[in-house]
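First up is the structure itself, then whatever we jot down about it.
The values are calculated or read from the model by the stated rules, or taken from the named source; none is laboratory data. Computed from a prediction, not measured in an experiment: that's the story for all the values here. Don't worry about glycine lacking a Cβ; one is built from the backbone with ideal geometry, like all the others, and counts go over all protein chains shown. Protein only, heavy atoms only, side chains kept; ligands, DNA and RNA dropped before computing areas. Shrake-Rupley method; radii C 1.70, N 1.55, O 1.52, S 1.80 Å.
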Amino acid sequence: MPSHVSDLYHTMNASAATQRGHNGLGEGQRLLSRAKRGWVWNQMFVLEEFSGPDPILVGRLHTDLDVGGKSIKYILAGEGAGTIFAINELTGDIHAMKRLDREEKAEYTLTAQVINAETDEPLEPPSEFIIKVQDINDNPPQFVQAPYQASVPEMSAVGTPVTRVTATDADDPVYGNSAKLVYSILEGQPYFSIDPNSGKRFALQGMDREMREEYLVVIQAKDMGGHMGGLSGTTTVTITLTDINDNPPKFSKNLYEFVIPEDLPIGKMGGKVKANDRDTGENSKSTYGIVEGDDQGVFEIITDSQTQEGILQLKKPLDYESKRAYNLKVEATNVRSEPGSGPFKDTATVKITVEDSDEPPVFSKPIYQLEVNENAPINTIIGTVTARDPDSTGSQVRYFIDRHTDLERQFNINVDDGKITLAKLLDRETDMWHNITVTATEVRNHSQISRAIVAIRVMDINDNAPEFATEYEAFLCENGKPGQVIQTVSAVDKDDPIQGHYFNYRLVPEMLNNPNFTIKNNQDNSISVLAKHDTFRRQKQEMYFLPIIVTDNGHPPMSSTNTLTIRVCGCSKDGIVQSCNVEAYVLPIGLSMGALIAILACIVLLLVIVVLFVTLRRHKNEPLIIKDDEDVRENIIRYDDEGGGEEDTEAFDIATLQNPDGINGYLPRKDIKPDLQFMPRAGQHSGPNGVDVDEFINVRLHEADNDPTAPPYDSIQIYGYEGRGSIAGSLSSLETTSSDSDQNYDYLREWGPRFRRLGELYSSKALLDDRN
């Protein structure tokens with residue numbers, strides 16, 4: 001850097017001489033000139049990556065005030081001052097103290113100032129200057145986006161652009177050739193070339209993807225214009241040749257042979273063909289077709305999109321007896337074709353041999369339509385179905401009706417000739433159509449079954465008489481006019497004649513000359529009933545019945561008599577029916593219908609209140625527990641079981657307690673559903689001298705203990721029945737004409753130990769009453 005220093009130093013001296021020249025002139029001789037600054041600046045430069053033993057001199061600062069004394073001092077501030085750059089305070093020399101890298105920082109901006117060395121007062125204002133780091137070639141080229149992937153269609157012309165690669169150099173592109181790059185191919189020739197300046201790559205002609213699909217190219221970028229001593233960097237580019245449709249499909253064989261059974265279903269596969277294509281993707285896809293040998297359109301060939309195979313299948317059934325072999329010519333054609341070239345295709349021959357199969361019988365029709373009258377007698381022949389065995393052997397055929405389609409067995413069929421006959425009478429109004437399935441089987445092979453549908457239509461005959469469309473009830477106003485329409489009547493008929501319905505209406509002969517009503521034909525299969533006078537009164541007759549005969553136009557004609565009910569009603573002036581009851585005329589003149597309804601409602605309410613009052617009084621007077629001394633009907637309640645207790649009233653029937661004579665057999669339990677049927681016992685019959693009550697009770701207890709339907713909770717057993725003809729009378733009614741004190745209960749002891757206690761209780765009660 002001595003040249004920089006000397007140049008800078010020379011500029012400073014010139015500035016100082018100029019200053020001295022101005023001072024040597026007198027006052028009057030002073031030249032008019034622009035005053036110049038005391039500092040003279042220039043850019044300073046320093047080489048990057050300098051690594052000498054001593055700091056490198058960058059440059060020297062000098063001011064006109066510096067005349068060689070020690071009264072001034074140079075100071076430096078700014079980027080890197082004191083760390084990277086240092087200044088000699090007396091001489092103004094600037095040194096670089098560290099190794100610099102231009103790629104890290106290319107220039108530094110600093111500020112220099114001259115101050116008084118003793119007082120540190122500034123002698124001049126501060127001034128800026130720049131120190132630039134001068135570049136050297138210390139960075140090789142780099143490919144930032146490496147590695148590269150590119151593609152080019154196969155068979156591309158020479159010079160077809162493939163891709164562009166770009167390298168970068170961190171060195172200064174302005175100073176020198178450190179960043180001037182040149183590109184070259186290290187590996188990949190002679191297939192590709194590259195522009196040395198731009199990095200564009202070009203392809204050569206004749207590259208076939210089917211021969212080689214991928215290429216690996218090594219690219220070099222070298223700085224210093226490619227001269228010796230320059231730095232270089234490399235990258236790889238993987239180039240893939242994309243496919244074009246430049247190969248036709250090719251069948252793997254020229255001749256395909258298939259054996260297809262004649263019973264192969266339509267749409268099922270009979271064989272496969274395959275044409276291979278060396279191309280890929282859409283360019284390898286082909287379609288198949290039959291170009292010769294199938295004039296009748298028996299076969300078709302479709303393309304399997306997954307395997308690219310041609311699937312040969314049937315469009316029509318095969319018949320070994322009519323044709324036993326086929327020679328087809330099939331063609332495979334590419335789906336896509338390149339512009340300017342015709343479609344690629346290939347052909348092959350397919351030889352098909354039809355194999356004989358045992359075929360099921362064939363009906364002459366798939367569907368038969370037959371007709372039968374609904375009044376046809378049983379065994380009437382409805383029609384015939386025919387089927388034949390298509391095999392050369394010609395086996396005999398038998399016919400059957402699929403009874404799943406004829407659950408009511410209304411039809412029969414002759415197994416030998418296929419004649420369908422009637423098995424039951426038919427009614428068109430119930431079922432108009434009957435669809436049955438007829439099966440045909442070979443005699444020698446019952447597994448070969450064919451089916452045909454037979455649709456039988458029941459033809460209508462006139463077997464239903466017409467009748468009113470609904471149950472009409474007409475209303476006639478008392479204040480109506482003669483000739484007013486009371487009701488329009490129409491009829492319906494369940495039959496369905498071809499020419500349509502036409503009904504004839506007439507009154508029964510005995511009503512032809514009636515003085516009250518007449519009918520009028522409306523010419524639309526309906527009539528209007530008219531009134532002949534206006535003197536109808538409810539008091540006289542409230543309801544009229546008008547019988548009308550309706551006849552259809554069938555052969556033979558059918559007729560029925562229908563009755564029209566006509567009620568005489570009171571109407572408003574507008575003819576609106578208000579009341580049809582005759583009671584409305586016997587009401588008092590001053591009461592309206594609303595008032596009558598209110599009176600009736602009050603009467604009903606009073607009756608309800610009276611009934612409720614009487615019911616409540618009756619319930620209030622009746623004690624909750626019967627304490628009548630004379631009522632000795634007792635209920636024995638067992639407490640040795642867990643159960644519903646005394647409140648369990650579902651275990652017995654109170655009706656039996658009230659009327660024991662009505663039970664002569666088994667009394668069903670209402671609290672359970674018995675698992676075993678308990679055989680009813682024979683009714684109790686009294687002996688000549690009555691029934692032994694002790695024996696009766698023991699029997700009842702034994703039955704209760706051994707009853708298999710007895711529940712595990714409390715049960716009420718009935719002991720109120722004493723038998724018939726007992727001299728003691730009923731236990732539930734011991735009352736006599738004498739008082740309790742006159743009764744003698746000693747006879748109870750004769751009945752056994754169970755009633756001895758009962759006699760003692762009543763005897764003690766009588767003694768207590770006498771003492772009182």
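What the table below lists for this structure:
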read-out: Filter result (at pLDDT below 80 and either among the charged types (D, E, K, R) or part of a loop (DSSP other than H, G, I, E, B) (or both)) within the stretch 193-206; value: SER198, GLY199, LYS200, ARG201, LEU204, GLN205, GLY206
read-out: Among residues of the stretch 464-498, those that are assigned to a loop (DSSP other than H, G, I, E, B) and open to solvent by 20 Å² or more (accessible area, probe 1.4 Å), counted; value: 16
read-out: Meets criteria (of a type outside the set (D, E, K, R) and surrounded by fewer than 15 Cβ atoms within 10 Å (Cβ to Cβ)) for VAL182; value: no
read-out: Candidates ARG20, ARG99, ARG60, filtered to the one that is modelled with pLDDT under 60 and open to solvent by 40 Å² or more (accessible area, probe 1.4 Å); value: ARG20
read-out: All positions within the stretch 167-178 that are at pLDDT 80 or above and surrounded by 18 or more Cβ atoms within 10 Å (Cβ to Cβ); value: ALA167, ASP169
read-out: Failed item in (1) in contact (Cβ under 8 Å) with a residue 40 or more places away in the chain; (2) farther than 22 Å from LEU426 by Cβ, with ILE456 passing the rest; value: (2)
read-out: Checklist (1) under 30 Å from PRO173 (Cα atoms); (2) among the hydrophobic types (A, V, I, L, M, F, W, C); (3) over 60 Å from the mean Cα position of the chain (by Cα) applied to PHE143, failing item; value: (3)
read-out: Any hit, the stretch 378-389, residues being in a loop (DSSP other than H, G, I, E, B), modelled with pLDDT under 90, open to solvent by less than 50 Å² (accessible area, probe 1.4 Å) and in the same structural domain as THR441 (by the TED database); value: yes
read-out: Options LEU90, LEU65: the member that is free of Cβ contacts under 8 Å to residues at least 24 places away in the same chain, over 30 Å from ASN283 (Cα atoms) and not polar (S, T, N, Q); value: LEU90
read-out: Qualifying positions in the stretch 59-77 - under 16 Å from ILE130 (Cβ atoms) and out of contact with any Phe, Trp or Tyr (no Cβ under 7 Å at 6 or more places or on another chain); value: GLY59, ALA77
read-out: Some residue of the stretch 360-372 being open to solvent by less than 30 Å² (accessible area, probe 1.4 Å), hydroxyl-bearing (Ser, Thr, Tyr) and assigned to a loop (DSSP other than H, G, I, E, B); value: no
read-out: Residue under evaluation MET224, criteria (1) surrounded by 18 or more Cβ atoms within 10 Å (Cβ to Cβ); (2) at pLDDT 85 or above, criterion not met; value: (2)
read-out: Matching residues in the stretch 499-509 - criterion: being part of a strand (DSSP E or B) and either among the charged types (D, E, K, R) or within 53 Å of the chain's Cα centre (by Cα) (or both); value: ARG506
read-out: Residue that is farthest from ALA474 (Cα to Cα), among those in the stretch 545-558 that are open to solvent by less than 30 Å² (accessible area, probe 1.4 Å) and assigned to a loop (DSSP other than H, G, I, E, B); value: GLY554
read-out: Selected residue (criterion: surrounded by the most Cβ atoms within 10 Å (Cβ to Cβ)) from residues of the stretch 131-144 that are in contact with a Gly (Cβ under 9 Å, 6 or more places away or on another chain) and modelled with pLDDT of 80 or more; value: PRO141
read-out: Test result for THR561, touching a residue at least 60 places away in the same chain (Cβ under 8 Å) and open to solvent by 20 Å² or more (accessible area, probe 1.4 Å); value: no
read-out: Listing of strands (runs of 3 or more DSSP E) fully contained in the stretch 410-463 that carry 2 or more residues being surrounded by 13 or more Cβ atoms within 10 Å (Cβ to Cβ) and under 47 Å from the mean Cα position of the chain (by Cα); value: 433-442, 449-459
read-out: Matching residues in the stretch 165-192 - criterion: being touching a Phe, Trp or Tyr at 6+ places or on another chain (Cβ under 9 Å), part of a strand (DSSP E or B) and under 22 Å from THR242 (Cβ atoms); value: ILE185, PHE192
read-out: Scan of the stretch 233-263 for residues that are under 30 Å from VAL165 (Cα atoms) and of a type in the set (A, V, I, L, M, F, W, C), ordered by number; value: VAL237, ILE239, LEU241, ILE244
read-out: Residues satisfying the stated conditions in the stretch 277-306, i.e. farther than 29 Å from GLU359 by Cβ and either of a type in the set (Asp, Glu) or open to solvent by less than 60 Å² (accessible area, probe 1.4 Å) (or both); value: ASP277, ASP279, GLY281, GLU282, ASN283, SER284, SER286, TYR288, GLY289, THR303, ASP304
read-out: Residues of the stretch 445-465 that turn out to be of a type outside the set (A, V, I, L, M) and modelled with pLDDT of 90 or more, as a count; value: 3
read-out: Candidate set: the stretch 310-323, residues that are at pLDDT 90 or above and open to solvent by less than 70 Å² (accessible area, probe 1.4 Å); chosen: the one farthest from MET211 (Cα to Cα); value: LEU314
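For (1) open to solvent by less than 40 Å² (accessible area, probe 1.4 Å); (2) in the same structural domain as PRO196 (by the TED database); (3) at pLDDT 85 or above; (4) in a loop (DSSP other than H, G, I, E, B), each residue gets a yes or a no:
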position: GLU104; (1), (2), (3), (4): no, no, no, yes
position: LEU110; (1), (2), (3), (4): yes, no, yes, no
position: VAL114; (1), (2), (3), (4): yes, no, yes, no
position: ASP120; (1), (2), (3), (4): no, no, no, yes
position: GLU124; (1), (2), (3), (4): yes, no, yes, yes
position: PHE129; (1), (2), (3), (4): yes, no, yes, no
position: ALA146; (1), (2), (3), (4): no, yes, no, yes
position: GLN149; (1), (2), (3), (4): no, yes, yes, no
position: SER156; (1), (2), (3), (4): yes, yes, no, yes
